[in-house]
Amino acid sequence: MQSNPTVFVIDDDCAIRDFLSWLISQENLDVKTFSSAHDFIEANHLSDPGCLLLDIRMPKMNGSELQKWLKANDSILPVIMITGHGDVPLAVESMKTGAFDFFEKPFDTRRLLDCIKAAISLNAEQRNVRKNNVEVTKRLELMTPRERQVYDMLVLGKTNKTIAARLNISDRTVEIHRSRVLRKMSARSIADLIQYDRTL
């Protein structure tokens, strides 16, 4: 059973953590707080649904460094940066490297909450895409080498006659492979195959 989305708040300031935890919980969202980037990493929440609310200035590992670590570890958790006035250039740089958004203190709480919800929605979409990619990859692995050759040409829009000529097989053999490809991919048509291929 999939867990509910969680807002992971990472800030070394206890007062900020407590305030954000209270604010987010008022929206009936699950929230977990951490006093450092290392504490979050140790808790192993990379595969959980939700988003990160991250202070850009923290000791040992700052927000930008954690964001880079998340990216290097294939995390799709959206990152929202919280920054002080003097750190705006650093936050802008984080946006360029993939942060979802950033907020300068003091921030508009309503806008922050709306941003958190948008980040959670994005994460849900990305998780669904990743899940579909895994399923499509597993189906592709069920194919024989010849079926994979036929699949690769089908998704490029090649006709049975062209595939037969390229692979030096009969039209009837192409039809047989095509039928098996559709069945193994749980596809109703070539259009479905093309759509699956685009998700990879």
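The values are calculated or read from the model by the stated rules, or taken from the named source; none is laboratory data. No experiment lies behind these values; they were computed from the predicted model shown. Reconstructed Cβ throughout: ideal geometry from the backbone, glycine too, with neighbour counts over all protein chains shown.
When residues in the range 1-36 are screened for being farther than 19 Å from Glu104 by Cα, under 20 Å from the mean Cα position of the chain (by Cα) and surrounded by 17 or more Cβ atoms within 10 Å (Cβ to Cβ), 4 of them pass. Restricting to the range 136-156, and then to whatever is among the polar types (S, T, N, Q) and closer than 22 Å to Asp171 by Cα, can you tell me which residue is surrounded by the fewest Cβ atoms within 10 Å (Cβ to Cβ)? Going through the qualifying residues, I end up with Thr144.
Among the residues making up the range 1-26, those that are within 23 Å of Ile76 (Cα to Cα), out of contact with any Leu (no Cβ under 8 Å at 6 or more places or on another chain) and part of a helix (DSSP H, G or I) are Arg17, Ser21, Ser25.
Output the residue which, of all residues in the range 80-112 that are more than 17 Å from the chain's Cα centre (by Cα) and assigned to a loop (DSSP other than H, G, I, E, B), is farthest from Ser21 (Cα to Cα). Here the answer is Gly84. In the range 30-46 there is no residue matching the filter, namely being assigned by TED's automatic domain parsing to the domain that holds Lys105, in contact with a Leu (Cβ under 8 Å, 6 or more places away or on another chain) and either free of Cβ contacts under 8 Å to residues at least 12 places away in the same chain or among the charged types (D, E, K, R) (or both).
When the range 157-166 is limited to residues that are out of contact with any helix residue (DSSP H, G or I) (no Cβ under 6 Å at 6 or more places or on another chain) and surrounded by 13 or more Cβ atoms within 10 Å (Cβ to Cβ), the one that is nearest to Ala191 (Cα to Cα) turns out to be Lys158.
When the criteria are applied in full, Lys117 meets the requirement of being surrounded by 12 or more Cβ atoms within 10 Å (Cβ to Cβ), in contact (Cβ under 8 Å) with a residue 40 or more places away in the chain and under 21 Å from the mean Cα position of the chain (by Cα). Among the conditions (1) in contact with a strand residue (DSSP E or B) (Cβ under 6 Å, 6 or more places away or on another chain); (2) modelled with pLDDT of 95 or more, the only one that Leu23 does not satisfy is (1). Across the range 63-79, the qualifying residues are those that are assigned to a helix (DSSP H, G or I) and touching a residue at least 40 places away in the same chain (Cβ under 8 Å), and the one among them that is surrounded by the fewest Cβ atoms within 10 Å (Cβ to Cβ) is Leu66. If only residues of the range 27-62 that are in a strand (DSSP E or B) and of a type in the set (A, V, I, L, M, F, W, C) are counted, the one that is nearest to Ser121 (Cα to Cα) is Cys51.
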